[in-house]
Amino acid sequence: MPIKIKKGWELPEHRATPEDIYMNRRRFLAAGSGLIAAGALSACDGEDNMIAAQAEQSADPSADLYPVPRNELFTLDRPLTAEEDAITYNNYYEFGSSKSIWRKAQALPIRPWTVTIEGLVERPFEIGIEDLLARMPLEERLYRHRCVEAWAMAVPWSGFALSHLVDLAKPLSSAKYLRFVSFENPEVADGQRASWYPWPYVEGLTVEEARNDLAFVVTGLYGKPVPKQNGAPLRLALPWKYGFKSAKGLVTIEFTDKRPLSFWEELQGSEYGFWANVNPEVPHPRWSQASERLLGTDERVPTQLYNGYGAFVADLYKGMQGERLYM
Ligand SMILES: Nc1nc2c(c(=O)[nH]1)N[C@H]1C(S)=C(S)[C@@H](COP(=O)(O)O)O[C@H]1N2
Ligand SMILES: [Mo]
């Protein structure tokens, strides 16, 4: 790695708690009293943007699909994170390296949105987001989320099991991996004008991981379409892995026989690998992974192996001693 690039998540993350979460709180609550207020409050401060963001969410053509039935198989060991925290504290480097990108993310056009399925499949195809939503069995799941930076949340995602999308894609038996590619649009995403990042954002899974019950494609959050800052219209939720694996704003899924090189692995392979399974006993080279900070309350709780999801996924990694499974 010739150059060492400072990433947001290299900063001590307690310093990154954005004051604006608290500053936005009052107006956020006011927004609940009716979107009619949005017009009346159009003076240009950030708090009004929150109202605008919520208006966009309810203008989302998929809004009528939500809420969807909850799958009770997935339970939590902690309270849900407050919605306002989960949707105003984000990682989305396309829009910058700070946690406060939710305003900027509103610039991303999410309709029309086409997903391309390509590579080692019976027949490559493109599918529009509306069509995809209509074909997939939508459900809600309460999942924990553990960022490699050691903050964590617990949220109700809506979406569908990734295995359904794998079935739709009909991969050939030669396909061993899925390569997920996020949108590329530097005109609206100014983080993508920074040329030292290997855009677009790429992530990967084995086909076996993608077929695991836990692997989830997200289309909604808190019973509504997923906000742009959280990855609309389509992102992953892989709760046993560090958060960077759960790529947002997906436009392409390629089936391949080569292990994909992910965005962070390409930037800093000594610190961010392919497997990235959560393990409190394997520290990041520059910080401990033993505990995590809950968004909103700032409570510190112990981190669990596979983020507590070992019963679902531990078998995937049996007998893989040679691999760097936990970073
Ligand atoms: N395309 C894209 N996907 C991404 C990221 C990103 O920068 N770009 N950040 C990742 C990281 S590090 C985390 S922790 C989660 C954050 O998801 P959230 O903002 O919904 O909590 O998104 C992941 N997906
Ligand atoms: Mo993360």
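Based on what the data block shows, is L142 of a type in the set (A, V, I, L, M, F, W, C), assigned to a helix (DSSP H, G or I) and modelled with pLDDT of 95 or more? Break it down into steps so the answer makes sense when it comes.
Numbers: of a type in the set (A, V, I, L, M, F, W, C): yes; assigned to a helix (DSSP H, G or I): no; modelled with pLDDT of 95 or more: yes.
No.
Counting only residues that are within 14 Å of ligand 1 (Cβ to nearest atom) and free of Cβ contacts under 8 Å to residues at least 24 places away in the same chain, which one in the stretch 185-199 is most open to solvent (accessible area, probe 1.4 Å)?
Checking each candidate, the answer is P186.
Can you name every residue in the stretch 257-300 that is out of contact with any Ser or Thr (no Cβ under 9 Å at 6 or more places or on another chain) and of a type in the set (V, I, T)?
If the condition is that a residue be out of contact with any Ser or Thr (no Cβ under 9 Å at 6 or more places or on another chain) and of a type in the set (V, I, T), then V282 is the only one that fits.
Scanning the stretch 250-265 for residues that are assigned to a loop (DSSP other than H, G, I, E, B) and away from ligand 2 (no atom under 15 Å from the Cβ), which turns out least open to solvent (accessible area, probe 1.4 Å)? Before the answer, list the steps.
Let us first name the residues in the stretch 250-265 that are assigned to a loop (DSSP other than H, G, I, E, B), namely 257-262.
From the residues that got through so far, the ones that are away from ligand 2 (no atom under 15 Å from the Cβ) too are 257-261.
On the way: D257: 84, K258: 138, R259: 100, P260: 8, L261: 91 Å².
Taking the candidates together, the pick is P260.
Step by step: first the residues of the stretch 194-232, then only those that are β-branched (V, I, T) and within 16 Å of ligand 2 (Cβ to nearest atom), then the one that is farthest from T252 (Cα to Cα). Which residue is that? Spell out how you get there, then give the answer.
Of all residues in the stretch 194-232, those β-branched (V, I, T) come to 202, 206-207, 217-219, 226.
Next, from what is left, pick out any that are within 16 Å of ligand 2 (Cβ to nearest atom): 202, 218.
Details: V202: 10, V218: 15 Å.
Of everything passing the filter in the stretch 194-232, V218 is farthest from T252 (Cα to Cα).
Check the stretch 126-141 and report whether any residue there is within 16 Å of ligand 2 (Cβ to nearest atom), charged (D, E, K, R) and crowded, with 20+ Cβ neighbours inside 10 Å. If you could, list the steps in order and put the result at the bottom.
Filtering the stretch 126-141 for residues within 16 Å of ligand 2 (Cβ to nearest atom) gives none.
No - not one qualifying residue is present in the stretch 126-141.
Say we look at the stretch 209-247 and pick out the residues that are farther than 13 Å from A161 by Cα and among the basic types (K, R); which of these is most open to solvent (accessible area, probe 1.4 Å)?
K224
Can you tell me how many residues within the stretch 78-97 are more than 13 Å from ligand 2 (Cβ to nearest atom) and assigned to a loop (DSSP other than H, G, I, E, B)? Walk me through it before giving the result.
Restricting attention to the stretch 78-97, the residues satisfying the condition of being more than 13 Å from ligand 2 (Cβ to nearest atom) are 78-88, 94-96.
Retained after the next criterion (residues that are assigned to a loop (DSSP other than H, G, I, E, B)): 78-82, 87-88, 96.
So the count comes out to 8.
Residues being away from ligand 2 (no atom under 16 Å from the Cβ) and part of a strand (DSSP E or B): count how many of those fall in the stretch 158-193.
Just the residues of the stretch 158-193 that are away from ligand 2 (no atom under 16 Å from the Cβ), to begin with: 158-179, 181, 183-190, 192-193.
After this cut, where a residue has to be part of a strand (DSSP E or B) as well, the list is 158-161, 171, 177-179, 181.
Residues flagged as away from ligand 2 (no atom under 16 Å from the Cβ) and part of a strand (DSSP E or B) within the stretch 158-193 amount to 9.
Looking only at residues in the stretch 240-249 that are in a loop (DSSP other than H, G, I, E, B) and not polar (S, T, N, Q), which one is nearest to ligand 2 (Cβ to nearest atom)? Walk me through how you get there before you give the answer.
Our first condition is that a residue be in a loop (DSSP other than H, G, I, E, B); within the stretch 240-249, this holds for 240, 242, 246-249.
Among the residues that remain, those that are also not polar (S, T, N, Q) are: 240, 242, 247-249.
Numbers: W240: 14, Y242: 6, A247: 11, K248: 11, G249: 15 Å.
Top of the filtered list is Y242.
Check off (1) out of contact with any Asp or Glu (no Cβ under 6 Å at 6 or more places or on another chain); (2) over 19 Å from V68 (Cα atoms); (3) hydroxyl-bearing (S, T, Y) for T114 and give me the number that stays unchecked.
Answer for T114: the failing condition is (1).
Would you check if there is a residue in the stretch 156-179 being within 14 Å of ligand 1 (Cβ to nearest atom), of a type in the set (V, I, T) and open to solvent by less than 30 Å² (accessible area, probe 1.4 Å)? Give the steps one after another, and end with the answer.
So the first thing to find is which residues in the stretch 156-179 are within 14 Å of ligand 1 (Cβ to nearest atom), and the list is 156-159, 179.
Those still in the list that are of a type in the set (V, I, T) too: none.
No; the residues of the stretch 156-179 include none that is within 14 Å of ligand 1 (Cβ to nearest atom), of a type in the set (V, I, T) and open to solvent by less than 30 Å² (accessible area, probe 1.4 Å).
The values are calculated or read from the model by the stated rules, or taken from the named source; none is laboratory data. Predicted model only: the values in this text are computed from it and were never measured. No Cβ is skipped: glycine too gets one built from the backbone with ideal geometry, and neighbour counts run over all protein chains shown. Accessible surface areas use protein heavy atoms only, side chains included; no ligands, DNA or RNA. Shrake-Rupley method; radii C 1.70, N 1.55, O 1.52, S 1.80 Å.
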